[in-house]
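Enquirer: Sharing a structure with you now.
The values are calculated or read from the model by the stated rules, or taken from the named source; none is laboratory data. Quick caveat, the model's predicted, so the values are computed rather than measured. Note: ideal-geometry Cβ built from the backbone for every residue, glycine included; neighbour counts use all protein chains shown. The accessibility values were calculated without ligands, DNA or RNA, using every heavy atom of the protein model including side chains. Shrake-Rupley method; radii C 1.70, N 1.55, O 1.52, S 1.80 Å.
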Amino acid sequence: CSVCSELFEIDHIRTIYHIFIAMLCVFIISTLAVDFIDQGRLVLEFDLLFYAFGRFSTAVFAWLCMCSYTLVVPYKALCLWGGLYHSVRFQGGFTFLVGSLVLACQACVLGVYPIYVVVHYKLPPASSFIVILEQIRFMMKSYSFIRENIPKIVKAKLKQGEAAKLPEFSSYLYFLFCPTLIYRDAYPRNPRIRWNYVALNFAQILGCLFYGYFILVRLCIPVFTNMSKEPFSTKTMVLTLFHATLPGTFVLLLCFFAFLHCWLNAFAEMLRFADRMFYKDWWNSTSFANYYRTWNVVVHDWLYSYAYKDFLWVCGGRFRGAAMLLVFVTSAVVHEYVLTLCLGYFYPVMFCLFAICGGVFNFALNDRRKGAVWNVLMWTCLFIGQGIQMCLYCQEWYAQIHCPVKEVTPRATRFRFPMAVI
């Protein structure tokens with residue numbers, strides 16, 4: 001079981017879970033009360049959710065295209081290369097040819113196509129997140145599959161007339177949907193599926209969506225919708241920044257619980273995937289180095305295996321600091337890429353906080369830091385960082401609405417530079 005699943009079996013910890021549910025109930029009641037007082041009706045409208053998931057069918061079609069491609073092309077390409085590698089005369093040239101074709105296909109289908117769909121059809125934020133996050137997942141999955149199998153085929157010692165052992169398609173199909181990014185021919189499996197546990201996790205995901213909706217409607221939109229109409233002032237910015245700390249922290253916890261706990265556990269249960277170490281007790285971290293390792297173990301393992309270790313292998317085991325910096329920059333660029341496409345504007349707040357501040361904290365607040373005071377410091381930095389992101393991204397969102405570009409070129413119809421301080 002995941003860490004939270006074990007903790008929720010303790011009555012005292014489960015009470016905290018109940019408190020969050022009670023807060024959701026308070027959000028619902030307060031929204032109903034405000035609507036009744038202002039408009040005289042008792043109806044909850046979820047216009048924001050309908051907007052965020054607009055053009056959902058387009059996002060689903062794009063996902064089907066990416067999934068079909070990832071399911072067929074990388075596997076067939078590996079089988080073609082692996083079946084002929086030991087029999088061709090010029091192995092290096094043959095590998096370069098097949099690799100170039102696969103890279104070209106990857107660039108077109110998993111590189112350009114999702115971006116085209118998001119930009120051309122102007123997908124709203126939630127639908128854009130579905131397409132872009134799945135684009136990244138398929139790229140990481142296919143890379144791991146090829147990266148793990150190529151060395152096995154190259155190093156295989158074959159007898160005369162013997163064919164190379166290739167991975168089973170069933171193994172690749174299972175890997176494509178199981179909650180891990182590291183390919184293995186087999187994984188530990190549970191004996192049965194607990195469908196009630198699957199239903200509970202999907203219900204909790206739905207609850208997190210409504211939780212996020214009420215946080216934005218009750219704590220963010222009333223503050224930021226008029227802020228961008230007013231002249232910029234340092235006082236207003238600072239006050240708004242600390243006002244955004246609470247909703248920013250809520251969003252952080254909701255994203256963690258909805259995706260890293262509920263979503264991954266639901267798919268793990270349906271696929272009887274036994275390894276549920278999707279995260280560790282990151283909330284107890286006394287250093288940012290430990291926090292980054294334990295927050296998202298699934299992605300951390302991929303970066304550690306294919307970015308950090310491979311960089312050290314190329315450099316002969318030297319430059320560990322440079323390898324760690326490479327991981328930080330890569331992760332920061334990908335995070336910023338996701339937000340830029342999904343929000344529709346380039347505002348590198350995430351990149352600066354992740355690559356610069358996060359990198360500094362990772363080296364300064366390392367594993368030698370122990371004690372409760374360091375845990376308090378880590379949480380304080382997280383609160384402030386989430387407040388900065390929530391404040392600046394929300395302010396820029398409304399700045400794009402209230403201060404539109406008068407002359408819009410075809411290239412700038414969706415992506416614009418920050419105007420929050422105009």
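Enquirer: With θ taken as phi - 60° and the coefficients 6.51, -1.76 and 1.60, list the Karplus ³J(HN,Hα) couplings across segment 53-60 in order, rounded to whole Hz; mark glycine and proline as x.
Expert: 9, x, 6, 5, 5, 5, 5, 5
Enquirer: Related question: Let me make sure I get this right: for segment 189-289, a, b and c are the square roots of the gyration tensor eigenvalues over alpha carbons, sorted descending. Under 1.5 in a/c it's rounded, otherwise prolate if a/b > b/c, else oblate. Which is it? Show your work: numbers first, answer last.
Expert: Working: a/c = 4.94, a/b = 2.14, b/c = 2.31.
Oblate.
Enquirer: Of the accessible area of the chain, with the probe set at 1.4 angstrom, what percent is carbon plus sulfur?
Expert: Carbon plus sulfur share of accessible area: 70 percent.
Enquirer: Take the alpha carbon gyration tensor of segment 306-408, find the square roots of its eigenvalues, order them as a ≥ b ≥ c, and report rounded if a/c is under 1.5; if not, report prolate when a/b exceeds b/c, else oblate.
Expert: Oblate shape, in that a/c is at least 1.5 and b/c is the bigger or equal ratio.
Enquirer: Now for a different question. Taking the simple approach of a point 7 Å from Cα along Cα-to-Cβ for both residue 259 and residue 357, what is their distance in nm?
Expert: The modelled label-to-label distance comes out at 1.9 nm.
Enquirer: Separate question: If you fit an axis through the alpha-carbon atoms of helix 125-155 and take the longest principal axis of the Cα set of the chain, what angle between them do you get, 0 to 90°, nearest 10?
Expert: 20
Enquirer: Would you work out if segment 67-162 is rounded, prolate or oblate? Take a ≥ b ≥ c from the square roots of the eigenvalues of the alpha-carbon gyration tensor; rounded if a/c is under 1.5, else prolate when a/b is larger than b/c, oblate otherwise. Kindly include the intermediate steps, with their values, before the conclusion.
Expert: Values: a/c = 3.93, a/b = 2.67, b/c = 1.47.
Because a/c hits 1.5 or more and a/b exceeds b/c, segment 67-162 counts as prolate.
Enquirer: Can you give the FRET efficiency to the nearest 0.05 for residue 29 and residue 116, using r as the Cβ-Cβ distance and R₀ = 41 Å?
Expert: Taking R0 as 41 Å, the efficiency between residue 29 and residue 116 is 0.40.
Enquirer: Next question. How large is the helix-only mean residue ellipticity at 222 nm for the chain, computed as the sum of -39500 (n - 2.57) over DSSP H runs with n ≥ 4, divided by its residue count, in deg cm²/dmol to the nearest 500?
Expert: For the chain, the value works out to -20500 deg cm²/dmol.
Enquirer: Helix 11-39: angle to the longest alpha-carbon principal axis of the chain, degrees 0 to 90, nearest 10?
Expert: Computed tilt is about 50 degrees.
Enquirer: Under the rule of at least 5 residues apart or a separate chain, name every residue whose amide H is placed under 5 Å from the amide H of residue 181.
Expert: Counting only residues 5 or more places away or on other chains, the set is empty.
Enquirer: Quick one: net charge of residue 142's neighbours, Cβ under 14 Å, K/R +1, D/E -1?
Expert: +2
Enquirer: Still on this model: Can you find, among 224, 251, 371, the residue farthest towards the positive end of the dipole of the chain? Put +1 on the C-beta of Lys and Arg, -1 on that of Asp and Glu.
Expert: Among 224, 251, 371, the one farthest towards the positive end of the dipole of the chain is 371.
Enquirer: Still on this structure, please answer the following. Determine, from the Cβ-Cβ distance of residue 50 and residue 154 and an R0 of 41 Å, the FRET efficiency 1/(1 + (r/R0)^6), rounded to the nearest 0.05.
Expert: 0.20
Enquirer: While we're on this one: Can you check what the net charge comes to around residue 110, using other residues whose Cβ is under 13 Å from the Cβ of residue 110 (Lys, Arg +1; Asp, Glu -1)?
Expert: Overall, the nearby charge balance is +1.
Enquirer: Give me the accessible area per residue for the chain, probe 1.4 Å, as a whole number in Å².
Expert: Working: 23000 Å² over 422 residues.
Roughly 54 Å² per residue, with all protein chains present.
Enquirer: Helix 320-343 versus the longest principal axis of the chain: what is the Cα-based angle in degrees, 0 to 90, to the nearest 10?
Expert: Helix 320-343 sits at roughly 60 degrees to that axis.
Enquirer: So I have (1) 0.99; (2) 0.97; (3) 1.21, and one of them is Rg/Rh (Cα atoms, Kirkwood Rh) calculated from this model. Which one is it?
Expert: (1)
Enquirer: Another question, then. Hey, can you grab everything whose amide H is under 5 Å from the amide H of residue 273? Only 5+ residues off in sequence or another chain; H modelled, so Pro and N-termini drop out.
Expert: 190
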